[in-house]
Amino acid sequence: MVEGSSKRKRPNILVTGTPGTGKTTMSTALAESTQFRHINVGDLVKDKNLHDGWDAELDCFILNIIEEGGNIVDHHGCDFFPERWFDCVVVLQTDNTVLYDRLSNRGYNETKLSNNVECEIFQVILEEAKESYAEDRVVALKSDTIQDMSRNITTMTDWVRNWHSAS
Ligand SMILES: Nc1ncnc2c1ncn2[C@@H]1O[C@H](COP(=O)(O)OP(=O)(O)O)[C@@H](O)[C@H]1O
Ligand SMILES: [Mg+2]
């Protein structure tokens, strides 16, 4: 049996972007306004103390809840999940000087800082998302300010309310 979007009663959303663009902030607020489940992939891996990063047990857990729908998956990469999992892929984008400040506040060293800022300048995650998902499911949202953030949450909350299963 193949799980597909047509079986879900609620959509699944992937929130992705370079570290520091606001994925966790947005996913937390969106989960609250939609009553969806927030899955922070990085935390999940850490909590389960998985040194290899992923295993069959975690795979099975994720598969089951993805099938139910109503998930917001928060992860910095996106070419890693099956395309059929997500009804919408949000790529957050931040001005590089703003991002630089956020990541230096986070204590990133110079190498990590420049790698991530470069990743943002070259729109690596957006390109990855466009290659991995149908173009009409990918949406790039600006995340420089608190106003951007609240507008994005409103946009996505409305999208969830208007979403209908393909079946
Ligand atoms: N749109 C935004 N406007 C202002 N500050 C933001 C915005 N998005 C995120 N931040 C701040 O930037 C930092 C990183 O956000 P976070 O959600 O942890 O990013 P990510 O999960 O993508 O790494 C946090 O301190 C957060 O409050
Ligand atoms: Mg995060």
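Throughout, read-outs are computed from the coordinates displayed, never taken from laboratory work. Bear in mind the structure is a predicted one, so any value in this text is a computation, not a measurement. Cβ: placed from backbone, ideal geometry, glycine included. Neighbour counts: every protein chain shown.
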Quiz item: Taking the chain as a Gaussian network, where each spring joins two C-alpha atoms under 10 Å apart, which residue of PRO19, PRO82, PRO11 fluctuates the most?
Solution: PRO82
Quiz item: By counting other Cβ atoms within 10 Å of each Cβ, how are ARG102, ARG137 ranked from fewest to most?
Solution: ARG102, ARG137
Self-check item: segment 8-13 - phi-based ³J(HN,Hα) in whole Hz, Karplus 6.51/-1.76/1.60, Gly and Pro as x
Solution: 7, 8, 10, x, 10, 10
Exercise. Determine the gain in length on full extension of the stretch THR145-GLU83; use 0.36 nm per residue of separation and subtract their C-alpha separation, reporting nm with one decimal.
Key: 19.3 nm
Exercise. Could you bin all the Cα-Cα distances of segment 8-159 into 5 Å bins starting at 0 and give me the percent of pairs in each, rounded to whole numbers?
Key: 2, 9, 19, 21, 22, 15, 9, 3, 0, 0
Self-check item: Greater than 29 Å apart at Cα, pairs in LYS7/LYS112; LYS7/LYS142; LYS23/LYS112; LYS48/LYS142; LYS23/LYS46
Solution: LYS7/LYS112; LYS7/LYS142; LYS48/LYS142
Quiz item: Cα axis of helix 110-121 to longest principal axis of the chain: angle in degrees, 0 to 90, nearest 10?
Solution: 60
Practice problem: Taking the Cβ of each residue in ILE65, ILE39 as the centre, tally the other Cβ atoms inside 10 Å and list the residues starting with the fewest. | Solution: ILE65, ILE39
Quiz item: Gaussian network model of the chain, Cα springs within a sub-10 Å range: biggest mean-square fluctuation belongs to which of PHE122, PHE36, PHE86?
Solution: PHE122
Exercise. Round to the nearest 10 and give me the degree value, 0 to 90, for the angle of helix 23-34's Cα axis relative to the longest principal axis of the chain.
Key: 40
